[in-house]
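Report on the following structure.
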Amino acid sequence: SRIADFQDVLKEPWIALEKLRELSFSGIPCEGGLRCLCWKILLNYLPVERASWTTVLAKQRELYAQFLREMIIQPGVAKANMGASREDVTFEDHPLNPSPDSRWNTYFKDNEVLLQIDKDVRRLCPDISFFQRATEYPCLLILDPQNEFETLRKRVEQTTLKSQTVARNRSGVTNMSSPHKNSAPPALSEYELLPNGCEAHWEVVERILFIYAKLNPGIAYVQGMNEIVGPLYYTFATDPNSEWKEHAEADTFFCFTNLMAEIRDNFIKSLDDSQCGITYKMEKVYSTLKEKDAELYLKLASHQPPLSPQQEQNIKPQFFAFRWLTLLLSQEFLLPDVIRIWDSLFADDNRFDFLLIVCCAMLTLIREQLLEGDFTVNMRLLQVPHLNQNAWNSLEKYSRSLTRTYENVYVCTGPLFLPRTEADGKSYVKYQVIGRNHVAVPTHFFKVLILEAAGGQIELRSYVMPNAPVDEAIPLERFLVPIESIERASGLLFVPNILARAGNLKAITAGSK
């Protein structure tokens, strides 16, 4: 019946926008491409006059094709042509020319933006494989079999310096070899490049963001925009209507542009402390919480010295609300849940007032845990709300259940900052920092359980979980790791101290009996 209600509204010559908002606020069915169509209307991409849709879509899609020709295809062709005759290097314009009008200067600045976009989109939504798979509708303008146009992927490959290992033998002969030329590490399999003529969904997102940055030099690209484009593109690229799916790239670009017109102030640092900036909105979260739940507000936000460690903690909204608001909660939930939240967000007239209410609701839903927790526990709850809702919550419950079996149960929990292999084959330790004091957000958390039986025997169980949504259906045994890996990453020593007090120790790891 809900599908029929939507179809009744959408088949009218003039869409009743208020009625559509009312229906969409409670969730839009994904059947028949209803969500894709509704989002395009709610984001002001499609007008309410149904008869004009064909004309508007044709005009906008042709405009996007023109952007592709001017900003990706033509620069690549010009660079190739000039490179053949070396007309790209003249006395007036050359790679070292500092002039703002220099084509070389523009090219290098664009490359800086492109490299940042490339790093971000390659790891977009890592919990699903969608963005690594090939799109059914690659951009034929760029992947023209008659012309070898320079794609953004090739541009990144040419721009990135290739690291090499240099070795000199006793005879003085120097050998140079790429450290990962022969065997790519297993972690790179998700980033394997597709054959010529194909392109992955992340490459489409990269193109959208690059063109947006070129058209909006005042804001260009800011890290996090990829998380806004991701759910939009995923929704349009999975439209059951193949005709609309074919144009997912252009439609996503214009919907993203319209959405950014409403939230772009969140990404402009110079506006942070203004009434339209992100700092004002983060403070609004706390002022709204103060109205709804004064006790919780005082626990989190009071600046007065606490009477005990369990009381007021002076947790600033910048520590958690910055990411919630700027990324529209896209990092706090799994993708299907994000899409459902965005149904309501896009449908609400005062959509960003509604977002503040949602943030307050997220706080009140875990109020009992926040009221009981200390600063460290609460920071983990606020920065990673999904952590305590899924697999980590199962681990917490399991840890408590062990007190019924063992004489004593000792638990040590802490943060880890672990490396991740990137597309260039190298490993990097990357983590987010939040607030003006740049508080580091861990990439993983560990939990070490020291279990003492009645006879004095000691068992050790050590777990590591990513600071990301984890399906609670995954068995906890999958997260067991050797204690040595935690000791090495954290700098803490468990085994020597335990052996100093106990004569025997049994370490339980994945696969052990």
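The values are calculated or read from the model by the stated rules, or taken from the named source; none is laboratory data. The structure presented is a predicted model; accordingly, all values stated were derived computationally and were not measured. Note that we place each Cβ from the backbone using ideal geometry, even for glycine, and neighbour counts take in every protein chain shown. Note: accessible area is taken over every heavy atom of the protein model, side chains too, but ligands, DNA and RNA are not part of it. Shrake-Rupley method; radii C 1.70, N 1.55, O 1.52, S 1.80 Å.
Worth a mention:
- Spin-label pair residue 403-residue 140: with each label point 7 Å from Cα along the Cα-Cβ axis, the two points sit 6.7 nm from one another.
- Too-long pairs where the Cα-Cα distance tops 20 Å, listed order kept, from 19/59; 119/214; 40/284: 19/59; 40/284
- Pairwise label distance in nanometres, residue 268 with residue 215, each label 7 Å out on the Cα-Cβ vector: 1.8
- Residue 429 versus residue 7: modelled label distance in nm, points set 7 Å from Cα along the beta carbon direction: 5.8
- Remark on residue 418: its backbone amide H falls under 5 Å from those of 443, 444, a criterion applied only to residues 5 or more positions apart or on other chains, H modelled at 1.01 Å from N.
- Sites residue 477 and residue 340 - FRET efficiency at Förster radius 25 Å, r taken between beta-carbons, to 0.05: 0.20
- Most tightly packed first, judged by the mean number of other beta-carbon atoms within 10 Å of their residues, the peptides 341-352, 448-459 read 341-352, 448-459.
- Accessible area of segment 391-508 belonging to carbon and sulfur atoms, whole % at 1.4 Å probe: 52
- Mean projected area (nm²) of the alpha-carbon convex hull when segment 207-280 is viewed from all directions: 5.1
- Cβ crowding within 10 Å averaged over residues, with 357-368, 266-277, 245-256 ranked highest first: 245-256, 357-368, 266-277
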